[in-house]
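Trainee: Got a structure here, written out as structure tokens. Questions coming.
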């Protein structure tokens, strides 16, 4: 192992999750790779250069490793104030990162901006993996030698759009990362991460349920700077509340201290079973709230959304119901997360928090009987058969549960890639309803099954 690799490993081990930044000039496919690795579509992808302007963060898990991937805007020549801002964001991401993925477009000749990025990366001295994207055939492979001019070796040819070479990249990347270590339990009970933007009442909530001023409370945003574990017994049941720093908008995260606060919050999410996500009811769901909730959903955590400061809302009960309806409409990514209006200041509905957390935690541990599960799955498919895929019928053979927390299922089918996203959502929502798991995130995967020789498995209609 090189000295640089050893240094990276020590840094990553101390911080928990590694930070890996995607850099490159505009329109080379960074956001496409970000979406593929994080298994989501948070990064806007378009043929128009410069679509990504801010930094995006996503959790990537591969084998027994995980890291936070940072997507950035196009890095290159500066022609106006906006371009300067985009470049500044990319430089900040590079400064934050432990490892950098430098991407170029393998379908085009080397661009002056590629050389500009390479010069910048050599100057900052971070470990770099050079990705040659859009390598889809022999023509692009024959031109790979030109990219050694950038000064990084080896090269990693890939196609972010089609997934070619991505496995080789991840194998090389995780060799620089330490294996994930289990976090020792410090106290028994359901682990609840209290998340939200600054100044929404996280520490005040914990102080109220503890009945004492255990945590510092201030009107100044950003008072809490570390994740603090607080054991609690509520009506005879043990819990561990993990208070966290408020996660700010990325445009406001500039100091190293602020960045450390964000990583603490993300690490708290890793250790938690259930998230209590507090929102300022008067402000509603902001774009930053939705970004944090997307991380919670991606991690498969149960979530209770507490609408704090409900007592400060003016208007009739009908107006408040309209507020709830609007919030529910904007929570399509987490239809299972219950909404609870509350007031930390007055104690309104605080007593309902822990019974809901208890129910969410129980549903995360649910395990279905195989016979009952397949009977329900058969009824779901028969009620609404899957759409045809390329003029072929999609058939399901059986469903099995492979894990809990969250409940995770694998459906065996003749065409795993032929199940549309809309039909996956239909199956997931129906399973949640029929299994009696209204508060549980459910993961559903599809796997191919070859019929045994001389026999054909009976498909689910």
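Rule-based calculations on the coordinates, nothing more; no lab input. Here the structure is a predicted model, which means the values were calculated and not measured. Methodologically, a virtual Cβ is constructed for each residue, glycine included, from the backbone with ideal geometry; neighbour enumeration extends over all protein chains shown.
Trainee: Of all DSSP beta bridges in segment 297-433, what percent run antiparallel (nearest 5)?
Mentor: Bridges in segment 297-433 are about 70 percent antiparallel.
Trainee: Moving on to the next point. Provide 346, 72 in ascending order of the number of other Cβ atoms located within 10 Å of each residue's Cβ, fewest first. List each step's numbers first, then the result.
Mentor: Details: 346 13, 72 27.
Neighbour counts put them in this order, fewest first: 346, 72.
Trainee: A follow-up question, please. 7 Å from Cα along Cα→Cβ at both residue 389 and residue 312: what's the point-to-point distance in nm?
Mentor: Taking the two extended label points, one gets 4.9 nm.
Trainee: Provide the gained length on full extension for the span residue 162 to residue 443, in nm with one decimal, where the gain is 0.36 nm per separating residue minus the Cα-Cα distance. Don't jump to the answer; show the numbers that get you there.
Mentor: Working: separation 281, 0.36 × 281 = 101.16 nm, distance 2.32 nm.
Length gained, residue 162 through residue 443: 98.8 nm.
Trainee: With a cut-off of 14 Å, note down the residues of segment 416-452 whose backbone N falls inside the zone around a label point 7 Å from the Cα of residue 408 toward its beta carbon.
Mentor: The answer is 441-447.
Trainee: Separate question: Return a whole-number percent for the relative contact order of segment 370-448, with Cα pairs under 8 Å and 6 or more residues apart as the contact set. Write down the numbers at each step before the final one.
Mentor: Working: 108 pairs, mean separation 25.2, N = 79.
Over segment 370-448, the number comes to 32 percent.
Trainee: Work out, step by step, the length gained on full extension between residue 351 and residue 210: first 0.36 nm times the residue separation, then minus their alpha carbon distance; give nm to one decimal.
Mentor: Details: separation 141, 0.36 × 141 = 50.76 nm, distance 1.24 nm.
Net length gain for the segment: 49.5 nm.
Trainee: So for the pair residue 415, residue 146, with labels modelled 7 Å out along Cα→Cβ, what separation do we get in nm?
Mentor: Distance between the two pseudo-spin positions: 3.9 nm.
Trainee: Modelling each spin label as a point 7 Å along the Cα-to-Cβ direction, I'd like the residue 362/residue 325 distance in nm, to one decimal.
Mentor: It is 3.1 nm.
Trainee: Work out the FRET efficiency for residue 91 and residue 372 from their Cβ-Cβ distance, taking R0 = 51 Å, and round it to the nearest 0.05. Intermediate results must be reported in sequence, preceding the final value.
Mentor: Details: r = 56 Å, r/R0 = 1.09.
Computed FRET efficiency for residue 91 and residue 372 comes out at 0.35.
Trainee: If the convex hull of the alpha-carbon atoms of segment 411-452 is projected onto planes in all directions, what is the mean projected area in square nanometres?
Mentor: Details: hull surface 13.4 nm².
Taking a quarter of the hull surface, the average projection is 3.3 nm².
Trainee: For segment 370-448, just the Cα atoms, rotate onto the principal axes and tell me the three extents in Å, largest first.
Mentor: In descending order, the Cα extents are 36, 23, 22 Å.
Trainee: Sketch the reach of a paramagnetic label on residue 290 as a point 7 Å from Cα along Cα-to-Cβ, and name the residues of segment 329-359 whose backbone nitrogen lies under 16 Å away.
Mentor: Output list for this probe position: 329-335.
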